[in-house]
Structure formats: structure tokens, C-alpha cells
1. What single numbered condition from (1) under 23 Å from residue 128 (Cα atoms); (2) more than 12 Å from the chain's Cα centre (by Cα); (3) open to solvent by 60 Å² or more (accessible area, probe 1.4 Å) fails to hold for residue 67?
2. Please identify the pairs in which a residue from region 27-45 that is free of Cβ contacts under 8 Å to residues at least 24 places away in the same chain and of a type outside the set (Phe, Trp, Tyr) has its Cβ atom under 8 Å from the Cβ atom of a residue that is open to solvent by less than 20 Å² (accessible area, probe 1.4 Å) and part of a strand (DSSP E or B), counting only partners at least 6 apart or on another chain.
3. Which ones in region 96-133 are outside any strand (DSSP E or B), open to solvent by 70 Å² or more (accessible area, probe 1.4 Å) and not aliphatic (A, V, I, L, M)?
4. Residue under question is residue 13, and the condition is that it be touching a strand residue (DSSP E or B) at 6+ places or on another chain (Cβ under 9 Å), open to solvent by 50 Å² or more (accessible area, probe 1.4 Å) and part of a loop (DSSP other than H, G, I, E, B); does it hold?
5. Looking at 93, 23 in this structure, which one is assigned to a loop (DSSP other than H, G, I, E, B) and open to solvent by 50 Å² or more (accessible area, probe 1.4 Å)?
6. Only one residue in 71, 28 is within 23 Å of residue 7 (Cβ to Cβ), in contact with a strand residue (DSSP E or B) (Cβ under 9 Å, 6 or more places away or on another chain) and of a type in the set (A, V, I, L, M). Which one?
Amino acid sequence: ESFDSNGNNYIINSDSGTFSDNNKEEILMTNVTALIILKNGNKITLKSKNANYNTQNSNTRFFYDVELDYLNHRINSDNIDIFFTESKLEAYNNLVYRNSDINLIADKVQLDLLTKNTKIFMFDNSKVKIIKD
């Protein structure tokens, strides 16, 4: 459990974790669940098969079967990175974004954890694909 400089609370759990041979500040985790409790009380939940957690700054890279739930937003992707040092979250690779109004496929979603501004885009500047139910 840790807190960032903005007062957001970050709790991460896993079935197992080992220190990286290459970087002593990094813990390699399996079967990961994380909860971010934002200063305003809103919660972000994350699940993944694996994650790399930096013990110095709490920056975490989730990968393999990643799911994120935030308010009425759901993201499934191969990768989600949380950068507490920059107060941002990035989801990318095989990304599907859903909310109560829309489903779409995009290359990347960026979320500013301070302003809550969200940017959804394709790497090649093509149009984001909307999925109709």
C-alpha cells in the first residue's frame, strides 16, 4: 500500500512476487489485483495475470489479460501502465473500451489521474472503431 503526492491511495496484491534480477527496485508479480482510491473517493480496480511493480515510485506495468473498471468505464487490454510520478494511466495493445453508451476498439487510452481527462486514439491517426451491439 502506498500514497502518491496528491493523496491517492494505491493497494496492490498478488499471489506471488519476486525481485527482478536486473532491477532490485522491481517486483515481478503474478495474479495481480490492484485498487486505486482517488482523493475524491472514486475507485479504480485492476486485474492482470502479471505486473512489474517499482518499489521506489509505485509505478506499475500490468500485462497479460488486463481488466480495468472505473466508474462506468471498463477497459480490457494486453497492457496497462500506471505512472504515479506523472499521475497518468495508459492502456494499450488489443484494447477494448466500454462504457454505458459505447464500445470501441482503439490502440491506446490515456487517463490523467488528476484532471480525469481521457484521450482515446489510434497510433496511425486512423479513426477509432466503434462496436455496435
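1. With (1) under 23 Å from residue 128 (Cα atoms); (2) more than 12 Å from the chain's Cα centre (by Cα); (3) open to solvent by 60 Å² or more (accessible area, probe 1.4 Å) applied to residue 67, the lone miss is (2).
2. From region 27-45, the pairs are 33/46.
3. Taking region 96-133 and keeping what is outside any strand (DSSP E or B), we get 99-102, 113-117, 122-128, 132-133.
Adding the requirement that they be open to solvent by 70 Å² or more (accessible area, probe 1.4 Å) leaves 100-101, 114-115, 117, 123-125, 127, 132-133.
Selection gives 100, 101, 115, 117, 123, 124, 125, 127, 132, 133.
4. Details: touching a strand residue (DSSP E or B) at 6+ places or on another chain (Cβ under 9 Å): yes; open to solvent by 50 Å² or more (accessible area, probe 1.4 Å): yes; part of a loop (DSSP other than H, G, I, E, B): no.
When the stated conditions are applied, residue 13 does not pass them.
5. Details: 93 fails: assigned to a loop (DSSP other than H, G, I, E, B).
Only one candidate qualifies: 23.
6. Working: 28 fails: within 23 Å of residue 7 (Cβ to Cβ).
The unique qualifying residue is 71.
The values are calculated or read from the model by the stated rules, or taken from the named source; none is laboratory data. Being a predicted model, the structure only gives us computed values, none of them experimental. Neighbour counts run over all protein chains shown; Cβ positions are idealised from the backbone, glycine included. These area figures cover heavy atoms from the full protein model, side chains too; ligands, DNA and RNA do not enter into them. Shrake-Rupley method; radii C 1.70, N 1.55, O 1.52, S 1.80 Å.
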